[in-house]
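Working notes, structure below.
No lab work stands behind these numbers, since they all come straight from the coordinates. Keep in mind it's a predicted model, so treat the numbers as computed, not measured. Neighbour counts run over all protein chains shown; Cβ positions are idealised from the backbone, glycine included.
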Amino acid sequence: MTVLVVGSVALDSVETPFGRVDDALGGSATYFAASASHFTRVQLVGVIGADYPEEKLLELVSRGVDLSGLERAEGESFRWRGRYGHDLNSAESLETKLGVFSHFRPKIPAQFRTAKYVFLGNIDPRLQLDVLEQVESPKLVACDTMNFWIESRRDDVVKLLGRVDLITLNDSEARQLTEQVNLVKAARWIMERGPKTVVIKKGEHGAFMFHGDRVFFAPAYPLEAVFDPTGAGDSFAGGFVGYLASTDDLSEANLRRAVVFGSVMGSFVVEGFSIGRLLEVNKDDIAARLAEFHSLVAFDAEVP
Ligand code: AMP
């Protein structure tokens, strides 16, 4: 099954303690697509300005990402500037320039409307809601959001909860959205408003999946060198939803495996700037890291 993703296609300028990069390929849809393309075909909807180095997106096309829903508009591309200190778990957003996104209305091409798996990447929640008016009968709608939208469009984010099956967000966003300090209570607060499944990511401390009254936890891979955490969340989502779409199985056991595939893809992207590592790794690398995740949590539960 293919996955439809709608989200930002950005130019990112990022500083980390290990270096900096300017105007690199970024955005929620870009990271998601690069990651999910390891599992299934991806249909991308977004917008870029006249200044976007479009040829750099061709590598995504060769990986099976359909860009026929990518609009080119007059004006500047979406730009995000962020900085990470030694705590690589949280980015400080220095600048968010919406550019062509401020007038964007997603138009889902006719051939994308029947998508069974839909990921509403981090963009204005009003645009995320707009997409849901245009898709026919998806089997799974998942979404992501971030502090920027929780602060500026909270009511729309809450409205969106009523329309999605699954949400991924990080711990600080979950606390900010729900005003609950405790993450179990935060997840319950969210589930009461719609999603059956809530994934709360905790950066280098792994991710919790709340599904009905069940909880699953996957650690993050203990990398020795995290270079740039940008895109970890969207790459997680790409692995997670991409794997679900490729297997077309929404059982709890498969959702648990999907969380680990998400963690695998998140662990690759942070090894370099932009989507570089996602384009380098292959099926063998993914399988090898999956095995390492397995051994990381395997233990003998016998009581002496
Ligand atoms: P994450 O996966 O959470 O690290 O997301 C990183 C990506 O989010 C970057 O590539 C940014 O371009 C993008 N981004 C940052 N702020 C926003 C925003 N307000 N709306 C949409 N995308 C954003």
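Structure data summary
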| quantity | calculated |
| --- | --- |
| Ascending count of other beta-carbon atoms within 10 Å, so fewest first, for Ile123, Ile150 | Ile150, Ile123 |
| At most 14 other Cβ within 10 Å, DSSP loop - GluC sites (Glu not before Pro), the range 30-126 | Glu74 |
| Peptides 215-228, 285-298 ordered by average Cβ neighbours within 10 Å, highest first | 215-228, 285-298 |
| Counting DSSP beta bridges with both ends in the chain, the antiparallel % (nearest 5) | 40 |
| Counted charge near Val269, where neighbours are those whose Cβ lies closer than 11 Å (Asp, Glu -1; Lys, Arg +1) | -3 |
| Sum of side-chain charges, Ser172 neighbourhood, beta-carbon under 13 Å (Lys, Arg +1; Asp, Glu -1) | -3 |
| Helical segments meeting 20 Å axial Cα length and Kyte-Doolittle -0.5 threshold in the chain (DSSP H) | 232-247, 252-269, 283-297 |
| Amide H contacts under 5 Å for Thr2, placed H, 5+ residues apart | Lys116 |
| Per-peptide average of other Cβ atoms within 10 Å, ordering 16-29, 263-276 highest first | 263-276, 16-29 |
| Sequence ranges 139-148, 242-251, ranked by mean other-Cβ count within 10 angstrom, highest first | 139-148, 242-251 |
| P(r) histogram, all alpha-carbon pairs of the chain included - 10 Å bins from 0, percent | 6, 30, 39, 21, 3, 1, 0 |
| Cβ-defined net charge surrounding Lys107, 14 Å radius [Lys, Arg +1; Asp, Glu -1] | 0 |
| Sum of -39500 (n - 2.57) over DSSP H runs of 4+, divided by residues of the chain (222 nm, nearest 500) | -10500 deg cm²/dmol |
